[in-house]
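See below for the structure under consideration.
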Amino acid sequence: MDELLEILEDINPDVDYTKEKHLIDHKVLDSFSIVSLVSQISETFDIEIGPQYLVPENFNSAEAMWKMIQKLEEED
């Protein structure tokens with residue numbers, strides 16, 4: 001989870017990712033941020049995030065992203 005938080009802080013250091021639960025809904029992350037985030041997560045965790053996972057629910061919070069990452073790692 002620490003690696004994910006580092007990635008998120010690189011994208012926008014002004015957000016408290018441990019508390020924010022509406023990153024997409026509140027437009028904290030925009031489409032460019034999501035593209036960058038998906039790329040960095042894929043590279044860091046050596047996973048492929050398919051189109052079926054590119055839904056707001058998976059990116060609204062660090063916790064949701066972490067659950068998605070764990071699920072994708074289990075599928076490998």
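In deg cm²/dmol and to the nearest 500, what is the mean residue ellipticity at 222 nm of the chain if only DSSP H runs of at least 4 residues count, each as -39500 (n - 2.57), divided by the residue total?
That comes out to -16500 deg cm²/dmol.
Using a basic spin-label model with each label point 7 Å from the Cα along Cα→Cβ, how many nm lie between GLN52 and THR18?
With each label point 7 Å from Cα toward Cβ, the separation is 3.4 nm.
If you stretched the chain out fully between SER39 and LEU5, how much longer would it get, using 0.36 nm times the residue separation minus the C-alpha to C-alpha distance?
Full-extension gain reported as 10.8 nm.
Suppose the chain between GLU74 and PHE32 were pulled fully straight at 0.36 nm per residue; how much longer would it get relative to their current alpha carbon spacing?
Taking 0.36 nm per residue and subtracting the Cα distance, the gain is 12.4 nm.
Only Cα pairs under 8 Å and at least 6 apart count here; give the relative contact order of the chain as a rounded whole percent.
37 percent.
Only the coordinates and a few stated rules stand behind these numbers; no lab work does. As the structure is a prediction and not an experimental result, all values here were calculated from the model. Quick reminder, even Gly has a Cβ in these numbers, built from the backbone with ideal geometry, and neighbours come from all protein chains shown.
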